[in-house]
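What follows is a single structure, written as structure tokens, with notes after it.
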Amino acid sequence: MSQPELYDLAIIGGGPGGLSAAIYAMRAALKTVLIEKGVPGGQLNLSDTVENYPGFENISGSELSMKFAQHARVYGIEELNDEATVIEPGLEFHTVRTAGGQVIQTHSVILAPGGRPRELNIPGEDEYYGKGVSYCAVCDGFFFRGKNVVVVGGGDSACEEGLYLAKLAAKVYLVHRRDALRASMILQKRVEAECKMEVLWNTVITEIKADNDGVNAVTLQDTRTGGQRDLPIDGVFIFIGFDPNNQLVPAGIRMSPEGFVITNDQCATNIDGIYVVGDLRERYARQIVLAAADGCMAALSAAHYVETRKAKMEDLTCALPE
Ligand code: NAP
């Protein structure tokens, strides 16, 4: 049986981190494969407007994704539209297996799988998903034109998505469990100034109710008094953070208690040749520009690692007796 091809680098995930890594890896002449199960861009595709990526005052997430992907394609990046299912670290090389049955042997791996929206885990949330419950204002906001919606959360996402929904909906209630928002001051000020938005402080949702037409109410609970009341509503948008996609992280890699991977400043994990970039990486903030910067750093570091490794292997081969 012939040996599978040996790559210099396998990048898993085609979001900003993975695509930026692809650009830098190709420019460093690494034999690279980019594995992505969906469309390039990942979670970025869900962003309506990106206003803080340098060089773009205002661009949609999907357009920015396409620009990243097109840029990587200029260098002829090899793309595999498949789902990576296992990473097996090895001494000689690492192995990546895919759902489609591919076995990829590679000197180095950059993991860029991102994360997924966190759920409230309350009655009605799963049942009415797609019938009034949503985790994406850009995808579903259009269906709530002129209607009343609640947004759950007090971070940047909840505020940003709430402001987006305020452009379409008649009324947006921002339901937050504490008495202060976590979001950046600029977003807090915009929420305050948006007359269609009302913050319901110290409040949680305990149940989402619906009839045959979809969601029609939520049960609110005051976190200080425990008092409950129903609020008639047409839609519920949940933005309470997200969980990293860490299922592929091989055993032995150091992680935080929250499930983010701990890396050094070169995005290297504690296993040689395995790097983590973007939202899966333990860090202070999660931003597109940071994921892209991670991709650059990890690819440059991987290039150095692969070159050093190959040089050592050549030295060993030369040292062998004839
Ligand atoms: P986040 O900052 O972690 O905020 C999550 C919010 O949801 C918090 O207000 C939290 O309340 C609340 N929450 C969590 N679990 C809850 C529960 N079970 N029930 C009710 N409320 C709950 O998450 P994020 O807003 O998604 O932002 C994630 C990261 O992306 C952040 O670093 C953020 O700065 C960044 N981001 C940046 C931008 C931007 O700059 N344009 C846009 C989006 C996101 P507590 O406050 O009480 O903990």
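Among the strands (runs of 3 or more DSSP E) confined to segment 113-182, the ones with at least 1 residues that are more than 15 Å from Gly235 (Cα to Cα) and within 24 Å of the chain's Cα centre (by Cα) are located at 115-117.
Which of the residues belonging to segment 266-285 are surrounded by fewer than 20 Cβ atoms within 10 Å (Cβ to Cβ) and within 13 Å of the ligand (Cβ to nearest atom)? The answer is Glu282, Arg283, Tyr284, Ala285. For Tyr53, state whether it is open to solvent by 10 Å² or more (accessible area, probe 1.4 Å) and at pLDDT below 95. So Tyr53 passes the test. Across segment 266-295, the number of residues qualifying as among the β-branched types (Val, Ile, Thr) and within 12 Å of the chain's Cα centre (by Cα) comes to 2. If you go through segment 154-177 and keep only what is open to solvent by 10 Å² or more (accessible area, probe 1.4 Å) and either outside the structural domain of Cys195 (by TED's automatic domain parsing) or within 20 Å of Gly61 (Cβ to Cβ) (or both), you end up with Gly155, Asp156, Ser157, Glu160, Glu161, Leu163, Tyr164, Lys167, Leu168. Cβ separations smaller than 6 Å between residues 6+ apart or across chains give the following pairs from segment 7-20 residues that are on the phi > 0 side of the Ramachandran plot to residues that are open to solvent by 10 Å² or more (accessible area, probe 1.4 Å) and assigned to a loop (DSSP other than H, G, I, E, B): Gly13/Ala112; Gly13/Pro113. Scanning segment 123-146 for residues that are surrounded by fewer than 18 Cβ atoms within 10 Å (Cβ to Cβ) and of a type outside the set (D, E, K, R) returns Pro123, Tyr129, Gly130, Cys136, Cys139, Phe142, Phe143, Gly146. Quick check on Ile186: is it in a helix (DSSP H, G or I), assigned by TED's automatic domain parsing to the domain that holds Ile233, more than 20 Å from Arg145 (Cβ to Cβ) and among the β-branched types (Val, Ile, Thr)? Yes, satisfied. Please determine, by comparing only the residues of segment 213-249 that are outside any strand (DSSP E or B) and either of a type in the set (S, T, N, Q) or closer than 30 Å to Glu88 by Cα (or both), which one is modelled with the lowest pLDDT. Restricting to residues being outside any strand (DSSP E or B) and either of a type in the set (S, T, N, Q) or closer than 30 Å to Glu88 by Cα (or both), the top hit is Gly241. Might you let me know whether segment 272-292 holds any residue that is in a loop (DSSP other than H, G, I, E, B) and farther than 24 Å from Arg118 by Cα? Yes, there is a match, as at least one residue in segment 272-292 is in a loop (DSSP other than H, G, I, E, B) and farther than 24 Å from Arg118 by Cα. Mind checking which residues of segment 189-212 are part of a helix (DSSP H, G or I) and either of a type outside the set (Asp, Glu) or not assigned by TED's automatic domain parsing to the domain that holds Val149 (or both)? Within segment 189-212, Lys189, Arg190, Val191, Ala193 qualify. If you check Ile110, Ile87 for being surrounded by 19 or more Cβ atoms within 10 Å (Cβ to Cβ), within 17 Å of the chain's Cα centre (by Cα) and over 30 Å from Ile186 (Cβ atoms), only one passes: Ile110. Among the listed residues Ile208, Ile238, Ile186, Ile233, identify the single one that is more than 26 Å from Gly295 (Cα to Cα), of a type in the set (A, V, I, L, M) and open to solvent by 40 Å² or more (accessible area, probe 1.4 Å). From the options Ile208, Ile238, Ile186, Ile233, the qualifying one is Ile186.
The values are calculated or read from the model by the stated rules, or taken from the named source; none is laboratory data. Given the structure is predicted, the values throughout are model-derived calculations rather than measurements. Note that each Cβ is placed from the backbone with ideal geometry, even for glycine, and that neighbours are counted across all protein chains shown. Ligands, DNA and RNA are stripped out before the accessible areas are found, and what is left, the full protein with its side chains, is counted by its heavy atoms. Shrake-Rupley method; radii C 1.70, N 1.55, O 1.52, S 1.80 Å.
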